Each structure stands twice: as structure tokens, then as C-alpha cells.
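The values are calculated or read from the model by the stated rules, or taken from the named source; none is laboratory data. Not measured: the values here are computed from a predicted model. Note: ideal-geometry Cβ built from the backbone for every residue, glycine included; neighbour counts use all protein chains shown.
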Amino acid sequence: MKKFWTYGGIVLIIGMTYWVIQKNEIPAEEVDKTDLLEPLESIPVEENLLYGINVDELDITEGIVRRNETLSAILAPFNVPYQIIDEIAKKSAEIFDVKKIAFNKKYTVLTPRDSLRQARFFIYEPNPTEFVVFKLDQPEIYKESKPMEIIDREIGGTITSSLYVNMTELGLTPDLIDQFADLYGWVVDFQRLQKGDKFKVIFKEQQVENRTVGIEDIEAAYFEHMGQGYHAIPFEQNGIVSYFDQEGNSLKKAFLRDPLRFTRISSRYSLSRFHPVQKRYKAHLGTDYAAPRGTEIRTVGDGTVLEAGYSGGNGNYVKIKHNGTYTTQYLHMSKIGKGIRKGTRVKQGQVIGYVGSTGLATGPHLCFRFWKHGKQVDWLKEDIPPAEPIAEENLQAFEQVKSEKITKLLAIPYSEKTELLTSSFAD
């Protein structure tokens, strides 16, 4: 009897379970067969990219171009046939001439992990913002730009040594310092700064791979010299963006303050100066700027080249007529700029040559001469006419821009430390 009731209980449980399943079963016609056929969502596999190339199956070799090293010499250890190198050299001329591969530049070679070990890609970086890809098995050549980030920067500092030294300590680049010096060239004598002078500047910095590669135009600036403050407010007038002080007067004049970017004056205009080569006293009717050989020389204003050539005392030189009143001359160049010849039209700030010591010169410098109505005069004492101030019809718009810029400048603290005051967002 015990066995009967045990087996009977088991049968009863099985029967009840089957009845529940049957009762809750969904009719076949109500089943959405599309659910059964729908594939599972695929999970994308992230590629390991370098210069836009999947390098999962490639070995990476990085190097720096050695002095006088050629493409053929670089690729020799990577089993690339000379015929391919020659074809690449011929095919690449329009995109990047391999003859321009330069000392101390970075390159990368990508090699497959197979028995041949023949390089598949050669990547060369001619500058911090671009790279050239040579596909060695095609062959194919193309140039790409690296992603660039624009960083907002706001810097304030105090002069304890010189503008260049103190700005450099705060992480500012030579390009930014030159731009700043050009802004204030006609209102501040940077040769005679005093300890305690102050500066503030707002600008955008271009970065590639967390490395500064350039700057955009200054968005606002302030300089305090001997207790006198000078604002630089950018404002567009007549389709051109210029910088104005807080009164609406232009900071720019008909000429740049200096023909060289931020530098020092080594000798001034004098009617009686001891000549270092001729060893006698004579008039020095120019202004000498000391600078390393090869430093770019720029024309201080728009004009037409009157002369460009060589003479015994002047060395390589360029003479430019700006208008009916003013003419300038640039002496002792190591070489004259490309395309600069008699009759050439030049624009303010254009490079016309490079610092040297040709002619009667003991070392590299620029002798800059300035004529007014056909007579050589002291450039540093001339009252150069300014550019146009803010027009009356633009005053209201300028006041609004000025208020916004000055408010931002006031919020920037001064610092004498080498810490970077960088905002946390990028365009």
C-alpha cells in the first residue's frame, strides 16, 4: 500500500504540471516569429589605430632622422626593395618630396609579423601638426593633419627681469611675445621697462598632442608701465580688425615699431659715433638692432621696393619707398628675401630678408635707416602718424566690446611663478 500511494502521488504531480503548462501555452498563431529571427546586437571591436592605421598585427618602430640620412638609408633595415623606394620617391614629389626629409624629424615604420618582415608603412612628421603616410606595398602617399585643440588662455604677470624672460617663465611662446610687443610698440619703450611693470593677455592657443604649436590673435591685453595703464581692445572697423586703447584711439600706426621681432637696440642714431670697423668717428644715420644670424627682417610698412642688391659698405640691402614722405632701408642682410626685387610691392610685416653681417659689419645685426622728405632722420624720435581711431558711428558698439574685454582682464590675477593659468574648456 505504501508503494501504491507513493507512485500515485508522483503520477498526480506530473499530471497537474502538464495541465498548468497546457493552460498557459501561447497559441502558435500569436507567437511573433520575428523575435525569434532577430539577430543578437553585435558589439563593435575597437581598433588599435596609429596615424589612422590598424596596428594590431604590425610591429611599430619609431626613430629620429639622423644628419644626412635619406629615405633609402632609413628603410634599408626593413627589407624594402630599392625599386619600391625609387617608385615612392618619384610618386611622392607632388605631396611631399622625400628629398626634404630633414634632420631631427620623427618617423615611424610599421612592419607585419610574418616571415618576410618587409615594412608596409613609413610615416614621416615634417612638422608638429602634419604627417605623411607612405604605403610601401601599393605604393601610395598621402598627407594628413593631426587633431588640433584650441585652448583658452588668460595670463597675468609682473616684470622682474624683462618682458621676454618673464613671459617665457609663464609658458608664453615667442610668437605670443612678439605679437604683444607689436601691440604696444608705439606706446611703451620695451628697452626701458622697469621692475614692477605689469601685463595681462587673453588669447587662444593651438595644441596638438598636448604640445603648443601656435597661437591665434590676441583677444585682449593690458600693460602697465610706470603706473600708466594701456588697454588693447580688438575691434572690427571697415572690415579690418585693429586694436584700440580705452579711449578708442588706434594702437597701430603707419609703421611697425621695429623691423625685427622683439629684440634689442645695440646702437642708436648719432651724428658722431666711433665706427667699429673704420676705427674713426663718423655719423651713424641709422638704428642698429642686434640679433642672431638668420633672424627674419620685416618691412615696417606697405610700400614698393626701390633697390635690392649688394654694395660694399651696406652688404646685402633693401630700400623701400612707402609714400611721398617716408622711405626705409635695411642693411647687412645675410640674404635678401625670396621674390624681393626692384618694383616688388610689399605689405607691412612681410619678410624681406635675414639678419647677417655683410658689408662693413663686425657681427650679425640690422642697420635700419629712415628717410623723411628725402632726409635721413632719427627713427626713434619721429612722431609717426597713427591709424584711424574708432569712427563716431561705431562708438556704441566699441563701448560694449570694451566693457566685456576689460571685465575679463580685471579678473586675471598677476603671477610671478611659472604656473600656467589655463581654462578647462576647448573650442
**Q.** Looking only at the stretch 243-255, and only at residues there that are out of contact with any strand residue (DSSP E or B) (no Cβ under 6 Å at 6 or more places or on another chain), more than 10 Å from Pro386 (Cβ to Cβ) and not acidic (Asp, Glu), the one that is surrounded by the most Cβ atoms within 10 Å (Cβ to Cβ)
**A.** Phe255
**Q.** Unique match (being touching a residue at least 12 places away in the same chain (Cβ under 8 Å), among the aliphatic types (A, V, I, L, M) and closer than 18 Å to Gln376 by Cα) among Ile297, Ile320
**A.** Ile320
Q: Return the total of residues in the stretch 347-370 being part of a strand (DSSP E or B) and out of contact with any Lys or Arg (no Cβ under 9 Å at 6 or more places or on another chain).
A: 5
Q) If you check every pair at least six apart or on different chains, which have Cβ atoms under 8 Å apart with a residue in the stretch 78-100 that is at positive phi and not assigned by TED's automatic domain parsing to the domain that holds Glu62 first and a residue that is among the aromatic types (Phe, Trp, Tyr) and surrounded by 11 or more Cβ atoms within 10 Å (Cβ to Cβ) second? A) none
Q. Pick from the stretch 352-387 the residues that are under 16 Å from Phe255 (Cβ atoms) and among the β-branched types (Val, Ile, Thr): which of them is farthest from the chain's Cα centre (by Cα)?
A. Val377
Q | In the stretch 175-196, the residues that are part of a helix (DSSP H, G or I) and in contact (Cβ under 8 Å) with a residue 24 or more places away in the chain | A | Asp175, Leu176, Ile177, Asp178, Gln179, Phe180, Ala181, Asp182, Leu183, Phe190, Gln191
Q | Looking only at the stretch 78-93, and only at residues there that are touching a strand residue (DSSP E or B) at 6+ places or on another chain (Cβ under 9 Å) and not in a loop (DSSP other than H, G, I, E, B), the one that is nearest to Asp137 (Cα to Cα) | A | Ile88
(Q) Every residue in the stretch 225-251 that is closer than 21 Å to Leu163 by Cβ, of a type in the set (Gly, Ala, Ser) and outside any strand (DSSP E or B), please. (A) Gly227
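For every residue, the table says whether it meets (1) in a strand (DSSP E or B); (2) touching an Asp or Glu at 6+ places or on another chain (Cβ under 7 Å).
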position	(1), (2)
Asp288	yes, no
Pro292	no, no
Val300	no, no
Tyr310	yes, no
Lys319	yes, yes
Gly324	no, no
Thr328	yes, no
Met333	yes, no
Ile340	no, no
Q.
For the stretch 258-286, which positions are in a loop (DSSP other than H, G, I, E, B), of a type in the set (D, E, K, R) and modelled with pLDDT of 55 or more?
A. Asp258, Arg261, Arg268
Q: Output the residue which, of all residues in the stretch 111-170 that are closer than 19 Å to Ile60 by Cα and of a type in the set (Gly, Ala, Ser), is farthest from the chain's Cα centre (by Cα).
A: Ser115
(Q) Can you say whether Thr70 is surrounded by fewer than 16 Cβ atoms within 10 Å (Cβ to Cβ) and hydroxyl-bearing (Ser, Thr, Tyr), as far as the supplied structure shows? (A) yes
Q | Lone unmet requirement of (1) part of a strand (DSSP E or B); (2) surrounded by 15 or more Cβ atoms within 10 Å (Cβ to Cβ); (3) among the charged types (D, E, K, R) for Glu144 | A | (2)
Q) Restricting the stretch 327-376 to residues that are in contact (Cβ under 8 Å) with a residue 60 or more places away in the chain and among the hydrophobic types (A, V, I, L, M, F, W, C), which is nearest to Ala290 (Cα to Cα)? A) Leu366
**Q.** Count of residues meeting criterion [in contact with a Pro (Cβ under 8 Å, 6 or more places away or on another chain) and farther than 27 Å from Trp186 by Cα] in the stretch 300-357
**A.** 2
(Q) Can you tell me which condition Val109 does not meet? The list is (1) closer than 20 Å to Thr129 by Cβ; (2) modelled with pLDDT of 95 or more, and all the others hold. (A) (1)
**Q.** Index of the failed condition, Ser424 passing every other in (1) at pLDDT 90 or above; (2) surrounded by fewer than 10 Cβ atoms within 10 Å (Cβ to Cβ)
**A.** (1)
**Q.** Those residues of the stretch 112-129 which are free of Cβ contacts under 8 Å to residues at least 12 places away in the same chain and not polar (S, T, N, Q), in sequence order
**A.** Asp114
